[in-house]
Amino acid sequence: MPELPEVEVTCRGIAPHLVGKRIDSVTVREARLRWRIPDTVRALAGRVVRAVSRRGKYLLLECGDGHLIMHLGMSGSLRVVPAGTPAGKHDHFDLGIDGKLLRLRDPRRFGAVLWTAQAPEEHPLIRHLGIEPLSRAFDGPRLHALTRGRRTAIKPFLMDARRIVGVGNIYASESLFLAAINPRTRASSLSAARGARLARAIKTTLRNAIRAGGSSLRDFVGSDGAHGCFQRRAWVYDRAGQVCRRCGAQIRRIVQGQRATYYCPGCQR
């Protein structure tokens, strides 16, 4: 599933093609995504895209009198292609802008294309989202405060979007490795010092992933069609049975919250 780095890579990739440009056309080939594409989206032609931003894993296209909300779901990607590029089987939605197409490809159809005339932070899908991990507001003291009274293990805690947005499975495992924290550690037992170390590790991991173009495990590509390569640089993710590059111990795999967790028993005691 595309997480914060993949969505941020997409946001940065599409923004130069959209901001300040008028929407010339809207094409809906398949409206039945996770939520049906509303008819209001089909009437966007003529509006100007004023800004492109990200909140959690949602992309927001500001159009003056509202926002187009887009989500990549489990397998989606947004690409900028020349106008007239033939659509593939899973290319469900196009915005025609300045001789180009912003095209949503979503094989599993778990993505979303929605419209809101209200402030996006008030939308039901967005208003309950937690803190942005790359924001200045997210630091060691804030993370430590968030973990107080939380009896869950720290790995699934990091993946709870109501607390912190966008730290997906890969990035939670990688961040905990950098911070030398065992993924089974109870969140409430996190000390202030380890909280500060983990907050720094999360920021480092996410920034490195963005620079690498995100992670492409199956379907994700950036707006230019390029695959992300962060997964090739992972310290622990998907490396069960292999030796740790730091200490030589064998990387282990466990399941937490029905998701695979990878860690080094030597580095993350």
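The values are calculated or read from the model by the stated rules, or taken from the named source; none is laboratory data. Predicted, not measured: the structure shown is a model, and the values here were computed from it. Virtual Cβ from ideal backbone geometry, glycine too; neighbours counted across all protein chains shown. Only protein heavy atoms, including side chains, enter the accessible area calculation; ligands, DNA and RNA are left aside. Shrake-Rupley method; radii C 1.70, N 1.55, O 1.52, S 1.80 Å.
Observations
- Of residues in segment 229-269 being outside any strand (DSSP E or B) and among the aliphatic types (A, V, I, L, M), the one farthest from ILE154 (Cα to Cα): ALA249
- Test for ALA153: is it within 17 Å of ARG253 (Cα to Cα), open to solvent by less than 30 Å² (accessible area, probe 1.4 Å) and of a type in the set (A, V, I, L, M, F, W, C): yes
- Tally of residues being open to solvent by 40 Å² or more (accessible area, probe 1.4 Å), over 15 Å from LEU129 (Cα atoms) and part of a loop (DSSP other than H, G, I, E, B) across segment 47-63: 2
- For segment 162-211, a residue qualifies if it is at pLDDT 95 or above, among the aliphatic types (A, V, I, L, M) and not in a helix (DSSP H, G or I), and the qualifying residues are ILE164, VAL165, ALA179, ALA180, ILE181, LEU190.
- Residue within segment 91-108 that is at pLDDT below 95, small (Gly, Ala, Ser), surrounded by fewer than 23 Cβ atoms within 10 Å (Cβ to Cβ) and touching a Leu at 6+ places or on another chain (Cβ under 9 Å) present: no
- When residues of segment 67-86 are limited to those that are within 17 Å of ALA31 (Cβ to Cβ) and free of Cβ contacts under 8 Å to residues at least 60 places away in the same chain, the one surrounded by the most Cβ atoms within 10 Å (Cβ to Cβ): MET70
- Which listed residue, of ARG50, ARG36, is under 18 Å from PRO107 (Cα atoms), more than 20 Å from the chain's Cα centre (by Cα) and free of Cβ contacts under 8 Å to residues at least 60 places away in the same chain: ARG36
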